[in-house]
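Below is one structure, written out as C-alpha cells; the observations come after it.
The values are calculated or read from the model by the stated rules, or taken from the named source; none is laboratory data. No experiment lies behind these values; they were computed from the predicted model shown. Cβ atoms come from the backbone with ideal geometry, glycine included; neighbour counts cover every protein chain shown.
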Ligand SMILES: Cc1cc2nc3c(=O)[nH]c(=O)nc-3n(C[C@H](O)[C@H](O)[C@H](O)COP(=O)(O)OP(=O)(O)OC[C@H]3O[C@@H](n4cnc5c(N)ncnc54)[C@H](O)[C@@H]3O)c2cc1C
C-alpha cells in the first residue's frame, strides 16, 4: 500500500465534509474490495475515510411497504435479519452466498452498490426489485444509479447512505458461479413488483448489470420457468472470458432465469 | 522409566504431535523469523515474456528513503556469481548432453518469462523497497514470445537461448523401438490417443520466503528458507552459485506450509538474499506475495502426448508407443529434466504386462515459468495417459474396461517383475486392490444409480484407474547412471539421551506429512520409547549431519529406513553394554521394545539403564566400548518402491450448466506397511483433492504472447472443500521387499491415481453422446460445449 491519511468520522455530515475537501480521498466501508486494491497498489488515495463509526448508516428496518437497509449493513446482517427473511427471503438467501464468511462479516451493501462490480449480487437484486439508492444528497432509482461496469451515478465524494427496497410479491434468484472467483458468472434476479415483473442479470453483461426486458414480458404473460426457457439472450451483448464465452453465458442466463422463477415459487 | 502403550507403535492412528502447535497458530514458519537489523528485499520482475534489457536506471530509486542497495544481474556477474544450477542431466538419443542454458539469478541482458527477476531492492522496510522498485526505469525491447509446448518447436518460433537451437532441451527415448514396431506389425488393433496434461500452479498455502544472514565476524552465512531439502539447497547454492564452503553456510528450513514439490528447488531469490546479506552486512528478508508466486514458483505437468496401444485379438496388449512433448519453461529448474523422462516414461508399463514399450520425449523451452516436479512428478502424467488410453482401447475393442485391465494385469506370481522400461517392481497385488475397490465403490450397482440420476436430469458416470508408481527415490548408483548429479540416500541419527528420551535427526523434511508423529512411532515400536519422549529434528543443516530431503514419497521408505538402521546400531551397542552389566555373553542378550534380556532368564535391563550406563560409565567396559548412545546411519535404497492400487470415481453432470460434481470417490491403495493409518488416509485424501483439482478445475493458462491469464485466485481455480466428496480410503498391503520397514510411500498416490479415474467417469457420464475423450480440466464451459454440440447435432 501507499501511504494515506486515515479519518474516522462519527457522522455522515463529517464524512462528507472530509471527502468534499479532498477529491482524492476515498470512503471505506467493509474494505473487502478497496483493501485488496490498495494492497496491490492499484489505488492511491490521499486519504481513507472509514465509515464504520457512523451509527446512522447501520441496520435494517421496515418502513411501510419497503425495507430500508443502511449502507453500512454487513452482508451477514442482511443474511440473518429476521426482517429481511420475512419480507424478501430471497434477498437474505442471496446475501448468504456472497463470498465467504469473512467477506460477509466485513462487506457492506453500500460498498457493494457503490462499487457496482458487474459480477456482484446486490446490483441485480436492487435493479430487479426496483430499489432506490439514497445518498447524502439525493435519491436515485436503481436503473439511474447503476450506469455501467464499476460505474455509478455517484458524484465524487457522494456517499450511499441507505437502500430503500419496495417489498415484492415474489422474488427469486439463481446464479452460476465463476469456478475460480466464485462471483456470479451469470446470475438472474426475478421479481413481481408493484410496478410489474422485473428481471435483472449480473455477471454476464458487457456493460454490467442489466434488465432483461424480453424475459420480463414473457413472465408478465406467464409466470413460469417454461416462459423464460424460450427466451434466448443475445450473446452479442454479453462478455466472455476464459471461464465462460458470451455464448455460454447467454445460455446460462436462460437456465438461471428458469431456476430463479422456480426459486421465487 | 519408559512404559510404552502398544498403541503408539506401528499401526496406531496416533494424533499428530505437530498439530498442537499448527492448529493453535504456534508454528514457526520462515516468515515468522525476523533477524535483528533485518532489511527487506523486493524483486523487480519482468512484465514481458521475452525482451532484451537495454538499460536499467536505478539512480532515482537509490535516492529514495530507506533504500540500502539495489543490485542487478550485471552486479552479480561482476562478482562471478554462478547461474542457478540444474541437478539432473539428460542425454539425447545420440548420446550428447541436453541443452543446459545459463540461468542467471538476476536477468542478464534478456528476460525470458513474465516474472523473471531483473533487480533486487533492499530497504529498511518492505514498503520502501516496493516504492523504490517502482522507481527503477527499465528499457525493454519486447521480442516475440512463445508459450505453447508444441508451438515452441515449430519452425520460425521465437528462440529463447543461443545454446538451445529450435528451443529443444533434449530429444530422449527409452525402450526398444524395433521390438515395438514388430509388435505393432502383428497387432489385430492399434488404438491411438492424444492428450494434453494441463499445466498447474502448485499454490502451497505458505508462499516462499528467504532470509539471508551474514555474520561479518565469523564469515558465516545463514539462509532461512521455505525448503523441502535444506542440505540440497546448501550444496547447490554454496558450491555452484555463491561459492561458499558448506562449513560456512547454514540453511534452515523451519516449519514449512506445504510444498508439493514446488519447494524442492533452489530458487534465485535464495541466492540473491544470501549474497545480498553479505553485501549490505545486514540480514535481508524476502517474502513472496501470492501474485508473485504465480509467476515465480515452478509450475507442474504441461505435457502434450500421443500414445498408441497395440492389441491382439484377445485384447492382450502387445506393445505401447508414446511420443511426448514436455514444457520446461524458460530455464531448467533443479530437477526438471528427470520428470518427463525417468519419472514418467519408466512408468508407462503401469500395472500391465506390456511386453514392449518405446517412448520418445522432447523437452522444450518456452517463455513461461520453469516447470518441475509437482506432487507425483511424471507419474501422474504417465498414469493419466495410460489409464485414459486403457478406457479408450477397451471401448474400441469392445471389451469391458475392468475385464480389459484384469486381462493385462501383472499377476501376483510375476513379482519381482521387470518392465520393458527399466523398472523392476518388487511387490504388489493389483487384482486384490481392484477387487476391494470395486466392492467398496459398489461398481456392480452403478447402472441403477445412473438411471436414478437420469430421472433427476443428471448424467452420472463411473470411472476407474488402476495404477502403480515408483517412489522412495532412489538408489544412488542407479540415478547417477541416469544423470542425477546427487545421491539419493537418507541420513538418520538416533540420539538416546542419558535418561532414555530420544532425539532423532533426519535429513527428511516435514511440510505437512506428519513426520514428527510417524517417525516417533518407528522409535516407539522398535526401542519402546513413548512418542512423547521422542523428538524429531529436521530442517537445519547445523543440526542434521546431511540429508537429501523430502519429495517423491521418500521420507519413510528412505529416511525411515536410515533411522531403522541407526536403531539397529543402538540395539547392537546396547546389547554389548547390557551383556557387561548382566554378566552374560552378547550372543545371549535379546532386545524387544525397550528391554534387554538374558535369553531364557528373568534378568533384564531397560533401555534407560543402558543409556544411563553409557553416559555415566562407572561400571562400563570402557576399554572396548565408547561411552554415549548415539548412532548415525546413511541408508541408500536398493530399488524404488512401488505403491499402487485402484481408484474409482463417480460424477454427476448437470447438462444445463456443464457443472461436474464428484459424488463418490473410493481409493484402495497398497502403500506397503502402514505406520499411522490416519496419516495415510489424510495423505491420500489430500492427494485426491489435488487430483480432482487437476481433472476438473485447475489450469495455468498462458496467452500466446506469454502472459499468464490465470495469474491469481480470481482466475486460477483451486479445489475448495465444497468441490470434494468424502474420499473413502482403504489400504491393501503387500510389503516392500527391499527396505527394512516394508514401506512403500503414500504421499503422492492420491494425486497419481485420481485424475484418470475422474476423467474416465466424466467420459462415461457422456457416453450417450458418443464422446471419446475430454481434456482436463473438465470445466463447466467445456462440458456444456460438448452437451450443446450434441444437442445442436440432434436438432
Ligand atoms: C474473496 C471475496 C469474495 C467476494 N465474493 C463476492 C460475491 O460472491 N458476490 C458479491 O456481490 N461480492 C463479492 N465480494 C465483494 C464483497 O461483497 C465486497 O464487500 C463489496 O463488493 C464491497 O463492499 P465493502 O463494504 O467491502 O466496500 P469497500 O471495499 O469498503 O469499498 C468498495 C468501494 O466502494 C466505495 N464505498 C464504500 N462504501 C461507500 C458508500 N457508503 N458510499 C459510497 N462509496 C462507498 C469505496 O470507496 C470503494 O471504492 C467478494 C469479495 C471478496 C474479497
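List of remarks:
- Flag for residue A:56 being away from the ligand (no atom under 12 Å from the Cβ) and part of a helix (DSSP H, G or I): no
- Residue in region A:21-40 that is at pLDDT 95 or above, more than 13 Å from the ligand (Cβ to nearest atom) and not in a loop (DSSP other than H, G, I, E, B) present: yes
- Taking region B:713-730 as the range and being more than 10 Å from chain A (Cβ to nearest Cβ), more than 21 Å from residue B:700 (Cα to Cα) and surrounded by fewer than 15 Cβ atoms within 10 Å (Cβ to Cβ) as the test, only B:726 passes.
- From the list A:176, A:256, A:185, the one residue that fits, being within 14 Å of chain B (Cβ to nearest Cβ), under 28 Å from residue B:782 (Cβ atoms), touching a residue at least 40 places away in the same chain (Cβ under 8 Å) and out of contact with any helix residue (DSSP H, G or I) (no Cβ under 8 Å at 6 or more places or on another chain), is A:256.
- The listed residue being over 21 Å from residue A:136 (Cα atoms), surrounded by 15 or more Cβ atoms within 10 Å (Cβ to Cβ), more than 10 Å from the ligand (Cβ to nearest atom) and away from every other protein chain (no Cβ under 14 Å), out of A:67, A:91: A:91
- Residue match in region B:462-476 (condition: surrounded by fewer than 24 Cβ atoms within 10 Å (Cβ to Cβ) and either assigned to a strand (DSSP E or B) or without any contact (Cβ under 8 Å) to a residue 12 or more places away in the chain (or both)): yes
- Filter result for residue B:693 (buried (at least 23 other Cβ atoms within 10 Å of the Cβ) and within 14 Å of another protein chain (Cβ to nearest Cβ)): yes
- Taking (1) assigned to a helix (DSSP H, G or I); (2) in contact (Cβ under 8 Å) with a residue 40 or more places away in the chain; (3) more than 28 Å from residue B:672 (Cβ to Cβ) in turn, residue B:447 satisfies each apart from (2).
- None of B:346, B:334, B:368, B:354 is in a loop (DSSP other than H, G, I, E, B), in the same structural domain as residue B:687 (by TED's automatic domain parsing), touching a residue at least 60 places away in the same chain (Cβ under 8 Å) and under 16 Å from residue B:644 (Cβ atoms) except B:354.
- Which numbered condition residue B:666 misses (of (1) touching a helix residue (DSSP H, G or I) at 6+ places or on another chain (Cβ under 8 Å); (2) away from chain A (no Cβ under 14 Å); (3) assigned to a loop (DSSP other than H, G, I, E, B)): (3)
- All conditions in (1) away from the ligand (no atom under 13 Å from the Cβ); (2) away from every other protein chain (no Cβ under 14 Å); (3) surrounded by fewer than 21 Cβ atoms within 10 Å (Cβ to Cβ) hold for residue A:3, with the sole exception of (2).
- Every residue from region A:228-250 that is without any contact (Cβ under 8 Å) to a residue 12 or more places away in the chain and at the interface with chain B (Cβ under 9 Å from one of its Cβ atoms): A:241, A:242, A:245, A:248
- Complete set of residues in region B:769-795 that are in contact (Cβ under 8 Å) with a residue 60 or more places away in the chain and more than 30 Å from residue A:181 (Cα to Cα): B:772
- Where helices (runs of 4 or more DSSP H) sit wholly within region A:133-235, those with at least 1 residues that are within 16 Å of the ligand (Cβ to nearest atom) occupy A:142-145.
- Flag if residue B:144 is in a loop (DSSP other than H, G, I, E, B) and surrounded by fewer than 17 Cβ atoms within 10 Å (Cβ to Cβ): yes
- Of the residues making up region A:94-110, those that are within 7 Å of the ligand (Cβ to nearest atom) and more than 9 Å from the chain's Cα centre (by Cα) are A:97, A:98, A:99, A:100, A:103, A:106, A:107, A:108.
- Hits in region B:592-617 (condition: without any contact (Cβ under 8 Å) to a residue 60 or more places away in the chain and surrounded by fewer than 17 Cβ atoms within 10 Å (Cβ to Cβ)): B:599, B:600, B:601, B:602, B:603, B:604, B:617
- Candidates B:758, B:763, B:774, filtered to the one that is away from chain A (no Cβ under 14 Å) and in contact with a strand residue (DSSP E or B) (Cβ under 6 Å, 6 or more places away or on another chain): B:758
- Of the candidates B:60, B:41, B:78, B:107, the single residue that is surrounded by fewer than 18 Cβ atoms within 10 Å (Cβ to Cβ) and in contact (Cβ under 8 Å) with a residue 12 or more places away in the chain is B:60.
- Only residues that are in a loop (DSSP other than H, G, I, E, B), in contact with a helix residue (DSSP H, G or I) (Cβ under 9 Å, 6 or more places away or on another chain) and under 18 Å from residue B:312 (Cβ atoms) were counted in region B:162-199, giving 1.
- Number of the condition not met by residue A:61 [criteria: (1) more than 13 Å from the ligand (Cβ to nearest atom); (2) without any contact (Cβ under 8 Å) to a residue 24 or more places away in the chain; (3) in a loop (DSSP other than H, G, I, E, B)]: (3)
- Qualifying residue in region A:43-57 (condition: surrounded by 15 or more Cβ atoms within 10 Å (Cβ to Cβ) and modelled with pLDDT under 95): yes
- Of the numbered criteria (1) modelled with pLDDT under 95; (2) away from the ligand (no atom under 12 Å from the Cβ), the one residue A:84 fails is (1).
- In the set (1) within 13 Å of the ligand (Cβ to nearest atom); (2) outside any loop (DSSP other than H, G, I, E, B); (3) within 13 Å of the chain's Cα centre (by Cα), the condition left unmet by residue A:128 is number (1).
- Boolean, residue B:667 is within 30 Å of residue A:255 (Cα to Cα) and either in contact with a strand residue (DSSP E or B) (Cβ under 7 Å, 6 or more places away or on another chain) or modelled with pLDDT of 95 or more (or both): no
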